[in-house]
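Just so it is clear, none of the values below were taken in a lab; they were calculated from the coordinates. These figures come from a predicted structure and were not determined experimentally. Because the Cβ atoms are built from the backbone with ideal geometry, glycine has one as well, and the counts that use them run over all protein chains shown.
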Amino acid sequence: MATATQAAGLYTQTQSPAVQLPQQTLNQDDFLKLLVTQLSSQDPINPVSDAEFIGQMAQFSTLQQTQAMQQDMAAVQASNLLGRTVQVQSAQGQTDTGVVSAVVFQSGIPQLTVNGQSYSLSQVLSISQTQQQP
């Protein structure tokens, strides 16, 4: 039987470089499931202390708040780019310049619409004021 490390190695060897796995994050439900599993699987003679659980919950809560704040900041940054001229780099390495005509949120992540194409904030190379037409 293959170990998890061997299985992961086999998996990555068969994947093409262009395929990207979706980013996975834990939410509060996942944390609570892990907590229940940990409680039900602990050694009854040497149980985990309440202080450890409280510390874990505080860390998880802080992580959730940080992630929410990062998403909010990205949304504000993207919204501030509406109507501005940006230079973006496509996944193929080509650059495109145009006015940000829309901001669309996909799974909570802002995507800028420039010249009819969708780009993430990380693809923005430069930002400039849009010249007003007389």
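Compute the relative contact order of the stretch 61-115 as a whole-number percentage, counting only Cα pairs closer than 8 Å that sit 6 or more residues apart in sequence. Kindly include the intermediate steps, with their values, before the conclusion.
On the way: 65 pairs, mean separation 15.9, N = 55.
The value is 29 percent.
May I ask you to sort F53, F60 by Cβ crowding, counting other Cβ atoms within 10 Å and putting the fewest first? If you can, show how the numbers build up before the last one.
On the way: F53 13, F60 18.
The fewest-first ordering by Cβ neighbours comes to F53, F60.
For D50 paired with S120, estimate the spin-label separation in nm (one decimal), with each label point 7 Å from Cα along the Cα-to-Cβ line.
Label at D50, label at S120, 4.3 nm between them.
Just to verify a number: FRET efficiency for S79 and A58, C-beta to C-beta distance, R0 = 35 Å, to 0.05? Intermediate results must be reported in sequence, preceding the final value.
Values: r = 32 Å, r/R0 = 0.90.
So, using R0 = 35 Å, E works out to roughly 0.65.
Once the Cβ-Cβ distance between A91 and D30 is put in as r, and R0 is 25 Å, what FRET efficiency do you end up with, to the nearest 0.05? Kindly include the intermediate steps, with their values, before the conclusion.
Values: r = 30 Å, r/R0 = 1.21.
The computed FRET efficiency comes out at 0.25.
Can you tell me the length gained on complete extension of the stretch I127 to S107, counting 0.36 nm per residue apart and subtracting the Cα distance? Don't jump to the answer; show the numbers that get you there.
Working: separation 20, 0.36 × 20 = 7.20 nm, distance 2.46 nm.
This chain segment gains 4.7 nm when fully extended.
Evaluate the distance, in nm, between pseudo-label points positioned 7 Å from the Cα of L39 and of V99 along their respective Cα→Cβ axes.
5.7
Before anything else, pin down the relative contact order of the stretch 85-128: Cα pairs under 8 Å, at least 6 apart, normalised by residue count, whole percent. Let's see the in-between values first.
Details: 75 pairs, mean separation 18.0, N = 44.
Relative contact order here is 41 percent.
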